[in-house]
Amino acid sequence: MPAVPIDTDQIIITASRAPDDASRSAASATMLDQVRIVRLGEPLAPALLRLAPSTAITAQGPSGLFTEVRIRGAENNHTLLFIDGIRANDPATGDFARFELLNADLASRIEVVRGPQSALWGSQAIGGVIAINGLDEPAGAMAIAEAGSFGSRRLGASGSMGAERASLSGAIGWQRASGIDSFSGDGDRDGYRNMSGRLRGTITLSSAVTVGASALALTGTSEFDGYDLVTFERADTLDTSKNRLAAARVWAALGQVDTQWRGRVGATLLGSSNDNRRDGNPVNRTKGTRRALDAQVERQFVTGRLEHQLIAAFDAESETFEARDTIYLGATNQDRDRSHKAITAEWKGDVGAFTADVAIRRDMFNRFKDATSLRASLLTQVGGGFALAGSYAQGIAQPTFFDLFGFFPGDFVGNPDLKPESSRGFEGSVRFRRDRIAASLSVYRQHLRDEIVDNANFTSVENSESASRRWGVEAELGWQPVDALRVTAHYAYLKSTQPDRLTNQQLEEWRRPRHSGSLAADGGIGCWSYGASIAYVGSHLDRQEVAPFAIVRLDSYVLANARIAYAVTPGAELFVRGSNLLDSDYEDSAGYRTEGRGLFVGIRLADRRSSP
């Protein structure tokens, strides 16, 4: 069976307040469709995110353990995550997105939009936005079972059905692995287990009114090696972290795609909890909630040859945070809350070969100074398949609850006087798209101001007086030489620095490889389908987590993964999958071991509409 063509018209969901055609958007975006996700066969989403330019993945040990994602050198909590339209950053863990919980069997589409997007989506969108979505249209049913190395087991199922005025789709996935010892290699194994699910339904009440609801649940338990409570040195301990995040959203869409006026209103409720234990005994736990309301109205009209789209949006959000501990006899307990409102305006215009987009947003916080974000972009088709794009964008990230109010006796006290971090920068790109090939070359430069850093005594945090600087180059290529094969590749260069506290000299930032890249391919012939990827991660700095807290350089490495499947019947295929096929010995984070070569076998059942 053929691969999906490179030049398929793709719609970018998060590069504008309204979905946009990729060929008419100035945004730097990478998309993975359902076919590629299935053919690569990765169990967890972070392995797929490595295929997007300037997206650095840092796992603290083997698969399923705490994982950070940094886009274009930004911090981990500077990446905004949406799952089926629900903002999924965890208020109970420093506004991080819990990427280690993201079961890839829940995703039929992954989108990575790079660069500041706060003018559209607000706080945390400094590095970029990641959107993971289920199917929007009926596509049948699928089930998968897999087992293999490191005690790995995997089960998943998804399905959708639709009528003339209603649709329903959902997915559920379960995984577990006994893993490896992430400390020395001679101790107990550090594994994980998770179960995730999503559900989405819509009902069309009339030609101009559609209502819908979506829900998601991410749960996981990971085992890890922590610290000796006496010496504070890393040790082969029996620590576990149990994480839960659940959310639901309801919305109503008004109007039709081809009408001059349309809009939507929605409400979201999210709750999360994180429970840490040692030898089964409680250590500490955190809980968070987020309640959000949103409304948006769009107007399309034409003046002369210029096509306009105006968008006005309002968002209101409130969050709570609860912390409890046992180890300090409740000394770190706290209950906090915060809220903010935002107004966004966006204008998009098309005339001939030119497409322009301007967005401005005002975030009004109740605990610190309000912030305004701007984004402006222009794309022009210059002929012969070539296009030029440029943009200026700003981003913000509000301080986390822990930054503001965190407390550990004799170790850390939060700073309630912090202000939001802010970023601004420029981007330019040259693009080519014709028939079976698509390519782009982008250059960007960003400055991060008011970065939240440790104070001089490492007992609290403060806003930096000087800016951190980031600039880089990204090259992407997509090529379909024959119907049975499509290939994508990227290379990214990043220089990311922050000022030294004493000398104000710009120093290289940790956990950000200067060079990175990937090569991926998938396709099918007859009863066979296949997918493979190679990711290169260049050397980068990190800091040891124990005395003397030395800064070390971690070696570069290459990860090679592949999957091949054979359809024994039109609705069933057997497959074999390999991970880290080159058996690279590598560390993403200093002192944390990762898995070697792995081999997995499984079966996938699907009706014809869900076949890859």
Item to complete: Determine, yes or no, whether ALA331 is touching a Pro at 6+ places or on another chain (Cβ under 8 Å), modelled with pLDDT under 95, surrounded by fewer than 16 Cβ atoms within 10 Å (Cβ to Cβ) and within 30 Å of ASP450 (Cα to Cα).
Response: yes
Discussion item. Restricting to the range 262-291, count the residues that are in contact with a strand residue (DSSP E or B) (Cβ under 9 Å, 6 or more places away or on another chain) and more than 26 Å from ARG87 (Cβ to Cβ).
Written reply: 6
Discussion item. Of the conditions (1) farther than 16 Å from LEU270 by Cβ; (2) assigned to a strand (DSSP E or B); (3) out of contact with any helix residue (DSSP H, G or I) (no Cβ under 7 Å at 6 or more places or on another chain), PHE82 satisfies every one except a single condition; which number is it?
Written reply: (1)
Item to complete: For SER533, indicate whether it is in contact with a helix residue (DSSP H, G or I) (Cβ under 7 Å, 6 or more places away or on another chain) and polar (S, T, N, Q).
Response: yes
Worksheet entry | Filter result for ARG511 (assigned to a loop (DSSP other than H, G, I, E, B), touching a strand residue (DSSP E or B) at 6+ places or on another chain (Cβ under 7 Å) and of a type outside the set (Ser, Thr, Tyr)) | yes
Discussion item. Condition (residue is of a type in the set (Gly, Ala, Ser), over 30 Å from ARG375 (Cα atoms) and crowded, with 22+ Cβ neighbours inside 10 Å) applied to the range 146-154: is it met by at least one residue?
Written reply: yes
Discussion item. Return the residues of the range 281-293 that are free of Cβ contacts under 8 Å to residues at least 40 places away in the same chain and not basic (Lys, Arg); say none if nothing qualifies.
Written reply: LEU293
Worksheet item: Within the range 185-239, how many residues are closer than 30 Å to GLY263 by Cα, in contact with an Asp or Glu (Cβ under 7 Å, 6 or more places away or on another chain) and of a type outside the set (A, V, I, L, M, F, W, C)?
Response: 3
Worksheet, complete the sentence: Scanning the range 57-77 residue by residue, those small (Gly, Ala, Ser) and over 22 Å from GLY148 (Cα atoms) turn out to be GLY73, ALA74
Practice prompt. Please work out which one of (1) in a helix (DSSP H, G or I); (2) of a type in the set (Asp, Glu); (3) farther than 16 Å from THR55 by Cβ is the condition GLU146 fails and give its number.
Written response: (1)
Worksheet, complete the sentence: Considering the range 484-508, residues that are in a loop (DSSP other than H, G, I, E, B) and touching a residue at least 12 places away in the same chain (Cβ under 8 Å), and then whichever is surrounded by the fewest Cβ atoms within 10 Å (Cβ to Cβ), we arrive at ASN504
Fill in: Lone unmet requirement of (1) crowded, with 19+ Cβ neighbours inside 10 Å; (2) more than 28 Å from ARG189 (Cβ to Cβ); (3) in contact (Cβ under 8 Å) with a residue 60 or more places away in the chain for THR594
(2)
Worksheet item: Got a sec? Which of SER123, SER54 is in contact with a strand residue (DSSP E or B) (Cβ under 8 Å, 6 or more places away or on another chain), buried (at least 24 other Cβ atoms within 10 Å of the Cβ) and within 23 Å of SER533 (Cα to Cα)?
Response: SER54
Worksheet item: Does ALA217 satisfy the condition of being modelled with pLDDT of 95 or more, of a type outside the set (Val, Ile, Thr) and either farther than 20 Å from ARG200 by Cβ or more than 26 Å from the chain's Cα centre (by Cα) (or both)?
Response: no
Practice prompt. State which residue is modelled with the highest pLDDT when the search covers only the range 371-387 and only residues that are surrounded by fewer than 16 Cβ atoms within 10 Å (Cβ to Cβ) and over 20 Å from SER440 (Cα atoms).
Written response: LEU374
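For every residue, the table says whether it meets (1) surrounded by 16 or more Cβ atoms within 10 Å (Cβ to Cβ); (2) farther than 23 Å from THR400 by Cβ; (3) among the small types (Gly, Ala, Ser).
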{"site": "ALA215", "(1), (2), (3)": "yes, yes, yes"}
{"site": "THR237", "(1), (2), (3)": "yes, yes, no"}
{"site": "LYS242", "(1), (2), (3)": "no, no, no"}
{"site": "GLY263", "(1), (2), (3)": "yes, yes, yes"}
{"site": "THR268", "(1), (2), (3)": "yes, no, no"}
{"site": "LYS287", "(1), (2), (3)": "yes, no, no"}
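The values are calculated or read from the model by the stated rules, or taken from the named source; none is laboratory data. None of the values given here were measured: they were computed from a predicted structure. Glycine gets a Cβ as well: all are built from the backbone with ideal geometry, and neighbour counts include every protein chain shown.
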